[in-house]
1. Among the listed pairs Lys93/Lys246; Lys144/Lys285; Lys93/Lys285; Lys62/Lys248; Lys62/Lys300; Lys144/Lys246, give every one whose C-alpha distance is greater than 29 Å.
2. Carbon and sulfur atoms: what percent of the 1.4 Å accessible area of the range 166-248 do they account for?
3. Can you tell me which of Thr247, Thr182, Thr117 moves the most in a GNM of the chain? Springs connect C-alpha atoms under 10 Å apart.
4. Could you report the accessible area of Phe234 in Å², rounded to 10, computed with a 1.4 Å probe on the protein chains as they sit in the structure?
5. When N counts the residues of the chain, how does its alpha-carbon radius of gyration compare numerically with 2.2 N^0.38 Å, as a ratio?
6. Using r as the Cβ-Cβ distance of Leu280 and Asp15, and R0 as 22 Å, what FRET efficiency do you calculate, to the nearest 0.05?
7. Using a 10 angstrom cutoff on alpha carbons, build the Gaussian network for the chain and name the most mobile of Gly63, Gly240, Gly208.
8. Normalized C-alpha radius of gyration of the range 115-251, against 2.2 N^0.38 Å?
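The values are calculated or read from the model by the stated rules, or taken from the named source; none is laboratory data. Remember, it's a predicted structure, so these values are computed and weren't measured experimentally. Cβ placement follows ideal geometry from the backbone for every residue including glycine, while neighbour counts extend to all protein chains displayed. We work out accessible area using only protein heavy atoms, side chains counted, and drop any ligands, DNA or RNA first. Shrake-Rupley method; radii C 1.70, N 1.55, O 1.52, S 1.80 Å.
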Amino acid sequence: MSVTLTDTDVRARLDGVLPDAEIAAIGPLLEEIEALKRERNAVVLAHNYMTPDIYHGVADLKGDSLALARMAVESDADVIVMAGVHFMAETAKIVNEAKTVLIPDLRAGCSLAESITGADIRLLRERYPDAPVVTYVNTSAEVKAESDICCTSSNAVQVVESLGVDRVLFLPDQYLGRWVATQTDVEIILWEGSCEVHERFTGEELRGYREMNPGIQIIAHPECPPDVLAEADFVGSTSGMINWVKTKRPRQVVMVTECSMSDNVASEVPETDFVRPCNLCPHMKRITVENIRDSLRDMKHEVVVDPEIAARARKAVERMLEVEV
Ligand code: 13P
Ligand code: SF4
């Protein structure tokens, strides 16, 4: 196999992100991945929660859930490797069925996706027949297939308001739903799902950071509980949070979300001091540079969605992609 990427290229991408010794240690693995990408005409899409070696050293494109879905639609690669969790890989497959979509570890799940099934939605529709179903993308293809429209953390308010109705069923993240309810007059009927990472943050913890660090900016993901969001200077998706830091360049900030976010942005905003509470997403952390290499080398694990379910789920995802943000 020919390897054309030079040491200098690998070093340049990770310079200032990882220590030199670490860059030297993973350099050959990164080169192998680059060669496999070319051989397979593959692209690695990475979520913002990937570790810095993947985020800066391996990803061709990176972003939040909405950006990853759009990238999957637009990609002309033959193979998409999703460096993220299973629902993200499934969404990529749903919007671009002709592509081979790989996920490096099949166990990369999500507590929100596990909290609801298609059967739950059918029961809810019987109980609230007039309420359209708005489903967070952090769900299985089967759940998306039962939904009227999907949303992500970056477009949830616009999606809810795009329907022109008085009330919606908003599933499954109760905290994102409660936050949306503060931003719109549409009545939001909730489901009791939550993210195991964001539900651990507390308002008290954030008040402590403010007392210890006067002037600190607090920015939070809307999967956090309401008492956390009440303390926040900005609430947004993972990419919204990154853009906020890059634009505002605060003296000191705490990003109330998964740990790797601060690690990834810190090298790009050197003048900002990041206070780093650390809540890891164990599912995201199943993806490693090694298993991305294995995935490309062995073409595993291919994400397969039943075509009938994919067709119905696609309608809900595509309807979301049409909403202007
Ligand atoms: P974003 O769409 O904001 O990246 O969120 C995805 C996610 O799983 C956050 O926990
Ligand atoms: Fe799911 Fe939470 Fe992990 Fe995001 S951080 S993938 S919502 S468990």
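1. Violating the 29 Å Cα-Cα cut-off are Lys93/Lys246; Lys144/Lys246.
2. The nonpolar share, carbon plus sulfur, comes to 44 percent.
3. Thr247
4. For Phe234, solvent-accessible area is about 50 Å².
5. Scaled against compact globular proteins, the figure is 1.00.
6. 0.30
7. Of Gly63, Gly240, Gly208, the most mobile in the Gaussian network model is Gly208.
8. 1.13
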